[in-house]
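The values are calculated or read from the model by the stated rules, or taken from the named source; none is laboratory data. These numbers come from a predicted model, not from an experiment. Note that we place each Cβ from the backbone using ideal geometry, even for glycine, and neighbour counts take in every protein chain shown.
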Amino acid sequence: MKNRRDFLRNAFGLGAGLAAVPSLFAAKQSPEPAKDADGDMNMNMDRDRTRARPSPRRANRVVPVQTPDIPQLPWQMVDGAKEFHLIAEPVKQQLIPGKFVNLWGYNGSAPGPTIQVNQGDRVRIIVDNHLPEPTSMHWHGFEIPIAMDGGPGISQDPIAPGGRFVYEFTLHQAGTFFYHSHMAMQEMMGMIGAFIMHPKEAYDPVVDKDFAIILQEFAVLPNNPNPNSMNMEFNWLTLNGKSGPATTPLVVRLNDRVRLRFINLGMDHHPIHLHGHTFVVTGSEGGRQPKTTWGPKNTVLVGVAEASDVEFVANNPGDWMIHCHLPHHMMNQMSSVAGRMTRGSNGMPAGLGMTEGMGMLRQGNATSAENGPSLGRGMGVGSTRDQTVGNGPLSATQTGHVTENMPGMNHEEMQMAAPDVTPDANSVPGFPQDAFMEGPAMAMDKMVEKPENYGLRPGWSGFMQGMMTFLRVLPPDLYDTVMAMREQQNGKPTTMPEMQHQHR
Ligand SMILES: [Cu+2]
């Protein structure tokens with residue numbers, strides 16, 4: 001199964017894929033990214049848009065949207081239209097290190113790659129179906145002819161396995177839109193992507209950074225890599241296809257004006273909360289909202305099938321959490337098996353191998369006191385094999401034995417601290433809550449190391465789970481350091497060139 005980078009490299013040539021991105025806003029493709037008129041690549045003057053009116057050279061500036069962890073979809077001009085190519089196909093997705101699930105997406109990515117166009121563009125999108133069943137592509141909120149709407153059986157025949165449908169339309173709208181399969185259960189397998197329509201005239205006030213984040217949820221039972229698309233409860237919550245701590249922080253420079261575009265397609269609504277800042281909601285899935293509707297907020301409820309744009313000046317330095325505030329959406333691999341298995345003093349058989357346990361219980365039955373509740377399946381996060389043994393970090397005898405008690409874990413890179421709990425914790429009704437095995441005792445800073453995480457507080461990754469990421473508001477020197485590290489990584493930025501100096 002190919003990963004996203006391989007896809008870009010193989011299908012388009014990495015150079016071609018990246019070269020197409022700077023040309024998003026230009027009619028002609030230019031070989032070199034444009035600089036500011038004064039050659040100032042960093043634009044660190046006049047940062048505070050709340051105090052300063054945009055200078056003339058900035059007045060009409062549209063910055064490209066960054067979608068961390070999601071590639072940008074390149075295009076080429078063919079017969080007067082920007083032509084894109086989307087391939088619906090199965091994707092093996094790594095939600096956090098070691099946790100792979102089988103999703104469905106586009107071009108090796110779930111969510112699919114981000115499409116960015118300009119208002120007024122003629123666009124052609126070739127959709128190939130490499131799924132084992134029919135699919136259809138809907139352009140959510142697009143005011144286009146019915147024949148292009150993608151309603152299977154309504155406006156077109158479903159796209160058969162191995163089949164192709166070519167969509168073509170002229171876009172007069174502007175805003176945060178998205179594309180998705182119009183087969184309901186395929187939506188729950190990940191088949192959505194961001195479709196950004198940049199306005200002819202940049203919105204006022206202009207922003208320095210513009211990010212899009214797609215909110216998704218999956219129900220993945222232990223030892224089953226396939227999401228249950230009919231489930232009503234979800235244990236893996238993702239931002240752009242990653243769960244915390246594998247999400248990539250949004251890195252901005254102190255006093256940047258920032259736009260965040262949240263897109264939700266799933267079974268739940270998500271109240272997205274930003275720490276340390278007050279924002280205004282400037283747009284919805286229908287486009288820009290008038291300033292008269294803007295009011296101060298720090299949480300925006302992104303409903304199913306909705307998009308919400310929020311804007312603010314990042315004037316408060318720090319590493320600020322952005323997260324869904326539903327408590328169950330702030331964790332990974334939720335399960336109800338926390339209990340004796342993680343706390344027994346002598347360990348407990350819980351999922352033995354073929355020879356030791358399969359169908360051959362020596363004592364009691366599967367749910368008896370002699371056997372752990374995970375009989376036959378592993379405990380999930382970080383487990384490199386299916387079978388594990390109880391007696392986890394919260395057991396009474398854990399001190400000094402944590403790692404031996406959890407075979408199969410990647411102890412090299414997992415930071416397994418002793419839990420900070422009272423000696424009588426096991427006798428307190430309700431224990432454990434946040435001290436369970438996936439909690440603070442287990443951080444994976446090294447496993448998710450990347451430039452955007454540089455300088456975070458050690459152990460941070462033990463506290464970032466589910467729909468969580470950071471807004472990192474960095475002073476200029478640290479910001480420049482992180483950007484330089486990103487540039488150096490394989491000679492290429494993690495996801496796309498920042499292009500903050502691109503102008504129309
Ligand atoms: Cu949520």
- Scanning segment 464-483 for residues that are under 17 Å from the mean Cα position of the chain (by Cα) and away from the ligand (no atom under 16 Å from the Cβ), which turns out farthest from V258 (Cα to Cα)? F470
- Query: Would you call G190 in contact with a Leu (Cβ under 7 Å, 6 or more places away or on another chain), in a loop (DSSP other than H, G, I, E, B) and on the phi > 0 side of the Ramachandran plot?
  - Reply: yes
- Only one residue in G459, G466 is under 18 Å from I96 (Cα atoms), modelled with pLDDT under 95 and surrounded by 16 or more Cβ atoms within 10 Å (Cβ to Cβ). Which one? G466
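Looking only at segment 322-335, decide whether some residue is at pLDDT below 50, surrounded by 15 or more Cβ atoms within 10 Å (Cβ to Cβ) and at positive phi.
Residues of segment 322-335 at pLDDT below 50: none.
No, segment 322-335 has no match at all.
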- Message: Checking the structure you have, find out if any residue of segment 291-305 is in contact with a Phe, Trp or Tyr (Cβ under 7 Å, 6 or more places away or on another chain), among the aromatic types (F, W, Y) and away from the ligand (no atom under 11 Å from the Cβ).
- Response: no
- Whichever residue in segment 267-290 is of a type in the set (A, V, I, L, M) and within 16 Å of the ligand (Cβ to nearest atom) and, among such residues, is farthest from F195 (Cα to Cα): L274
- Query: What residue, among those in segment 69-105 that are modelled with pLDDT of 95 or more and in a loop (DSSP other than H, G, I, E, B), is farthest from G163 (Cα to Cα)?
  - Reply: D69
